[in-house]
Structures are given as structure tokens and as C-alpha cells.
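Shown next, in C-alpha cells, is the structure this report addresses.
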Amino acid sequence: MKIEASPEEVTSILNQYKTTIQSKASTGELVFEDVPVIFARAEFMSTIYSELEELVGASASGVLKRIGKAYGEKFYELLINDQESNIFGDRQKLFSYLCAETQAIGWGRISIEEFPGKIIIRSEKGLATGRNYVGKSEQPVDSYFLGYFEGFFSKLDNIVYHGIESECIAAGNSCCKLEFGTEPVF
């Protein structure tokens, strides 16, 4: 089954951010409830990728994937600890929320499909890094997002998922496609 977020779900999450985010007077940081947040333009991720690639070469992808994985795990923990969250009892509702959240924060519109032993995320217009890197790469560039969802799904199912970006608009494909499975090479 292919799961996507409705425009109403995206607007709901965006409005939640708008009404809940505030500036913490003691530090000047923005916080969403108790969690510090940073607003950044979408090209921020492509700039980080580009600068890191210039510094460390091909290792940039692995570094960003590892950073993303930690944040995906943290986001899972944030959702699971939210006392008002009722999305964990219904996987379809959880995936729909994840699609809406991803779009609301500007990463891109995604769909999630689940098959036995495999989860596929597809962004027809591209994820944030890929959209800002079109025509500039011969390889996939959405490593942060790959790691993020790998961490989230691993925590969700309490198993280790391995991800690969099999298609990326930055590398000339028609969409960005992330695939997750339980085998290191699948």
C-alpha cells in the first residue's frame, strides 16, 4: 500500500509548528516544545553536502548518513514519548504522519510503501539535497535523509535496517528513491 500525506495533514503539522515554536528568552534559541530547532532554507542540506564533499571526498555521504541516522532515532524517541501521540498503534497513520512531517519541514513530498522485509520512500520531485543539486552529481546525494529514515525505521521495528538511495534526481533520475531492508545488500 502506498501511503502519502494529505494537504490537510501537512497543514496541520505546519500549523502545530507555527503555534508551538517560540524563542527561549534565556538562550535566544528556538524551541519546539522542549526541543531546540533550527529553521534553514532547503539548500542548506545541499550546501553541507557540497562543503563536506570538498573537505573529505566520497566520505561525505557516509558522514551525513550517520548524522541523519542519529536524528531519525531521536525523532522516533520524541514521538514515542509524546503522551498525546496516538499514531503508534496504526502503522498507516504513523507513515502518513511521517510523510506530512517531511513535507511540512521542507524536505520534500514523499510516499512510503511497505513490502515484506522492505520499505521504499519515493519523492517524485526530489528530496531537499537532490533538488538543489540537480545536474551536479553522478551519484545520489540525499545521504542525510537516507540515514534519518534508516534510524527511524530501525527504532520503530527494533531491527537494523540498511538503506540505499537507488535513484536521485541529482544524478539524473526522475525521482529520489530510498530503499530499506534488513540485509546489508538487498
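Read-outs throughout are calculated quantities, based only on the coordinates presented, and are distinct from any laboratory measurement. Just so it is clear, the model here is predicted, and its values are computed rather than measured. Don't worry about glycine lacking a Cβ; one is built from the backbone with ideal geometry, like all the others, and counts go over all protein chains shown.
Annotations for the structure displayed:
- In plain terms, the residue of Ile159, Ile48 with the fewest other Cβ atoms within 10 Å comes first and the most crowded comes last, giving Ile159, Ile48.
- Directionally averaged shadow of region 83-186, computed from the convex hull of its alpha-carbon atoms, nm²: 6.8 nm²
- Whole-number percent relative contact order across the chain, with pairs defined as alpha carbons under 8 Å at least 6 apart: 24 percent
- Contour excess over end-to-end distance, with Cα ends at Glu124 and Leu78 and 0.36 nm allotted per residue: 13.8 nm
- Under a 5 Å amide H cut-off, with hydrogens placed 1.01 Å from N, Tyr161 pairs with Ser154 among residues at least 5 apart or on other chains.
- By the beta-carbon count within 10 Å of each Cβ, the least crowded to most crowded order of Lys74, Lys177, fewest first, is Lys74, Lys177.
- Here is the tail figure for the chain: Cα pairs spaced more than 29 Å apart come to 20 percent of all pairs.
- From least to most packed, judged by other beta carbons within 10 angstrom and beginning with the fewest, Cys175, Cys99, Cys168 follow the order Cys175, Cys99, Cys168.
- For Val37, the residues whose amide H sits under 5 Å from its own are Leu30, Val31, Phe32, ignoring neighbours fewer than 5 places away on the same chain, with H placed 1.01 Å from N.
- For region 145-186, a Kirkwood hydrodynamic radius built from all Cα pairs, placed in the Stokes-Einstein relation at 20 °C and 1.002 mPa s, yields a translational diffusion coefficient of 200 µm²/s.
- Net +/- balance of residues flanking Val56 in space, Cβ distance below 15 Å, scoring K and R +1, D and E -1: -1
- When the C-alpha to C-alpha distance is required to be over 28 Å, the pairs from Lys24/Lys125; Lys69/Lys177; Lys2/Lys136; Lys74/Lys136; Lys18/Lys177; Lys24/Lys177 that qualify are Lys24/Lys125; Lys2/Lys136; Lys74/Lys136; Lys18/Lys177; Lys24/Lys177.
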